[in-house]
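**Student:** Quick one: this structure, given as structure tokens, is what I'll be asking you about.
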Amino acid sequence: MRKLGMGMMRLPLLDPNDQKSINYTLATQMVDKYMARGFTYFDTAFMYHAGESEVFVREAIVKRYPRESYTVTDKMPAAEITTYDDLQRVFDIQLARTGLEYFDYYWFHAINKNYIELLDRIDGWKFLKQLKAEGKAKHIGFSFHDDSETLEHVLATHPEFEYVQLQINYIDWNSPVEGRKCYEICEKYGKPVIVMEPVKGGSLANVPAEVEKMMKEVHPDMSPASWAIRYCASLPNVLTVLSGMSNMEQLDDNTSYMQNFQPLNEQETDLISRVVDTITKNIDIPCTACHYCTGKCPQHIAIPQYFGLMNVIKQLGESQFHNSRLYYNLLTKKHGKASDCIQCGQCEAMCPQHLPIIDNLVRVANKFEQK
């Protein structure tokens, strides 16, 4: 397997405010080019694009390519599960949406302490083993969003899992996300790693000007995103690195340097260390815009977009306040305002970054809603 997977959670949209409005024409062209260049790994999930991602997999891949020419990963979402019977119900929906008879890789999605308690309560751990025994999942694993101690507990008590999907990028390697610690635990237990969020929701593709200058001095023709993806792919226990590509330019860029992947050398690794120090000074809210927080928000608040506006001001200065507030006001015509938050907490329970979303929404409201 080549070390670049196509994540199906940031596909191009016809309407940027409607996650279901996938641009099928452009996204299908991207799939075709990705496969023509020798890449085969597609990663989808029940909640991506509000369920439309799995349907897109059926229409763009399953109906158009021989089954042996690609691999698909799908995941079991905790938010849909209350009883053991729900596991089979959701899995059947996923097979129907994708048009597949089996998944090459199947995971429990976003394992954390709450999900573990749920699976313990309903004795749900055995479900994936059953799928594998039936041939409906060729390989089983889980994606993970919690601390390293919890990860070690899962791997120690459930040796049946073959892979782990982790959030790894050069900013989060030594951050509270514990990228490094989690990676090393997977090495300890002999579990290959699939990397998610290598570009941290796109933020490492749009680095501060001084960082881009540092990178261009070493490789004038390489994009900031290429540094982030190569960093992750250079880790020896990484099986593949997922990239959620939103346009053809991103796909062309990623496949250009990953077709004949070269790990980072010593000079490049040293540069990344300096880059980390510079970037961390310019991030206000480390949101990756995964949209997990928005799926069931009762107020329909555009949380990732609002946090992105705060980061723009942090990175580019208060000169951006006027434009950012204009954009904020446009967003609130279709979404709830930050001040509409009722503090129900579902967003924080779903956040892979464990962000204090409620407190940050108060900050957004104070920034953009004061006259």
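**Student:** When only alpha-carbon atoms are used, what values of Rg and Dmax, in angstrom, describe the stretch 232-288?
**Tutor:** Rg and Dmax of the stretch 232-288, Cα atoms, are 13.9, 36 Å.
**Student:** What FRET efficiency comes out for residue 153 versus residue 68 if R0 is 41 angstrom and r is the Cβ-Cβ distance? Round to the nearest 0.05. List each step's numbers first, then the result.
**Tutor:** Working: r = 37 Å, r/R0 = 0.90.
With a Förster radius of 41 Å, E is 0.65.
**Student:** Taking K and R as +1 and D and E as -1, what net charge do the other residues with C-beta under 15 Å from the C-beta of residue 218 add up to? Display every interim value, and only then the final one.
**Tutor:** Details: positive: 213, 216, 230, 274; negative: 210, 212, 217, 221, 266, 268, 270.
Net of charged neighbours comes to -3.
**Student:** Okay, moving on. Say a paramagnetic label sat at a point 7 Å from the Cα of residue 160, along Cα to Cβ; which residues of the stretch 72-97 have their backbone N under 19 Å from it?
**Tutor:** Under 19 Å, as judged by backbone N against the label point of residue 160, lie 74-78, 81-92 of the stretch 72-97.
**Student:** Could you give the size of the charge dipole of the stretch 222-371 about its Cα centre, using +1 on the Cβ of each K and R and -1 on the Cβ of each D and E, expressed in debye and rounded to the nearest 20? Display every interim value, and only then the final one.
**Tutor:** Details: 12 positive and 13 negative charges, 145 e Å.
Here the stretch 222-371 has a charge dipole of around 700 debye.
**Student:** Give, in nm to one decimal, the length gained when the segment between residue 354 and residue 216 is fully stretched (0.36 nm per residue of separation minus the Cα-Cα distance).
**Tutor:** 46.4 nm
**Student:** Given a Förster radius of 22 Å and the C-beta distance between residue 138 and residue 85 as r, what FRET efficiency does 1/(1 + (r/R0)^6) yield to the nearest 0.05? Don't skip to the end; give the middle numbers.
**Tutor:** On the way: r = 24 Å, r/R0 = 1.08.
So, using R0 = 22 Å, E works out to roughly 0.40.
**Student:** Treating only the Cβ of Lys, Arg, Asp and Glu as charged (+1, +1, -1, -1), what charge dipole size does the chain show about its Cα centre? Round to the nearest 20 debye.
**Tutor:** Details: 39 positive and 47 negative charges, 135 e Å.
Computed charge dipole of the chain: roughly 640 debye.
**Student:** Put +1 on the Cβ of each Lys and Arg and -1 on the Cβ of each Asp and Glu in the stretch 123-215; which of 133, 190, 154 then has its Cα farthest toward the positive end of the dipole?
**Tutor:** Result: 133, furthest along the dipole toward the positive end.
**Student:** Can you run the Rg to Rh ratio on the stretch 130-235? Use alpha carbon positions and the Kirkwood inverse-distance Rh.
**Tutor:** On the way: Rg = 16.5 Å, Rh = 15.3 Å.
Checking Rg against Rh, the ratio lands at 1.08.
**Student:** From the gyration tensor of the Cα coordinates in the stretch 303-371, what semi-axes in whole Å does the equivalent ellipsoid have, largest first, with each one equal to sqrt(5λ)? Walk me through the numbers before you get to the answer.
**Tutor:** Values: eigenvalues 85, 40, 20 Å².
Over the Cα atoms of the stretch 303-371, the semi-axes work out to 21, 14, 10 Å.
**Student:** I would also like to ask the following. With every protein chain in place, what's the accessible area of residue 314 (1.4 Å probe, Å², nearest 10)?
**Tutor:** Solvent-accessible area, nearest 10 Å²: 100 Å².
**Student:** Find the eigenvalues of the gyration tensor of the Cα atoms of the stretch 196-242, then list the square roots of 5 times those eigenvalues as equivalent ellipsoid semi-axes, largest first, in whole angstrom. Show your work: numbers first, answer last.
**Tutor:** Numbers: eigenvalues 84, 31, 9 Å².
Rounded to whole Å, the semi-axes are 20, 13, 7.
**Student:** Could you work out the relative contact order of the stretch 61-210, using alpha carbon pairs under 8 angstrom and six or more residues apart, expressed as a whole percent? Provide the component values of the computation, followed by the final result.
**Tutor:** Numbers: 197 pairs, mean separation 27.0, N = 150.
Once normalised by length, the contact order is 18 percent.
**Student:** Just to confirm, what accessible area per residue do you get for the chain at 1.4 Å probe, in whole Å²? Could the numbers behind the result be given before it?
**Tutor:** Numbers: 16060 Å² over 371 residues.
Result: 43 Å² per residue.
**Student:** Okay, moving on. Using unit Cβ charges (K, R positive; D, E negative) and no other charged atoms, how large, in debye to the nearest 20, is the dipole of the stretch 13-166 about its Cα centre?
**Tutor:** Working: 17 positive and 25 negative charges, 126 e Å.
Charge dipole of the stretch 13-166: 600 debye, to the nearest 20.
**Student:** Can you tell me the equivalent ellipsoid semi-axes for the chain? Use √(5λ) from the Cα gyration tensor, largest first, whole Å. Mind dumping the intermediate values first?
**Tutor:** Numbers: eigenvalues 183, 132, 93 Å².
In descending order the semi-axes read 30, 26, 22 Å.
**Student:** Net charge around residue 110, counting only other residues with Cβ within less than 11 Å of its Cβ (Lys, Arg = +1; Asp, Glu = -1)?
**Tutor:** On the way: positive: 75; negative: 146.
Within the 11 Å Cβ shell, the charges total 0.
**Student:** Based solely on its DSSP helices, what 222 nm [θ] is calculated for the chain when runs of n ≥ 4 H residues each add -39,500 (n - 2.57) and the sum is averaged over all residues, nearest 500 deg cm²/dmol? Walk me through the intermediate numbers first.
**Tutor:** On the way: 15 runs with 160 residues, N = 371.
That comes out to -13000 deg cm²/dmol.
**Student:** Need one number: nm distance between label points at residue 93 and residue 25, each 7 Å from Cα along Cα→Cβ, rounded to one decimal.
**Tutor:** 3.1
**Student:** How far is it, in nm, from the label point at residue 319 to the one at residue 265 when both lie 7 Å from their Cα along the line to the Cβ?
**Tutor:** 3.7
**Student:** Still on this structure, please answer the following. Computed over the Cα atoms of the stretch 241-365, what is the ratio Rg over Rh, Rh following Kirkwood? Could the numbers behind the result be given before it?
**Tutor:** Values: Rg = 17.6 Å, Rh = 16.9 Å.
Reported Rg/Rh, Kirkwood definition of Rh: 1.04.
**Student:** Carbon and sulfur atoms: what percent of the 1.4 Å accessible area of the chain do they account for? Write down the numbers at each step before the final one.
**Tutor:** Numbers: 8090 of 16060 Å².
That share works out to 50 percent.
**Student:** Further question on the same structure: Mind checking which lysines have their Cα closer than 19 Å to the Cα of residue 138? Skip sequence neighbours fewer than 8 apart in that chain.
**Tutor:** Those lysines meeting the cut-off are 75, 126, 129, 191.
The values are calculated or read from the model by the stated rules, or taken from the named source; none is laboratory data. If you're wondering where the values come from, they're calculated on a predicted model, not measured in any experiment. Quick reminder, even Gly has a Cβ in these numbers, built from the backbone with ideal geometry, and neighbours come from all protein chains shown. The area values use the complete protein model at the heavy-atom level, side chains included, leaving out ligands, DNA and RNA. Shrake-Rupley method; radii C 1.70, N 1.55, O 1.52, S 1.80 Å.
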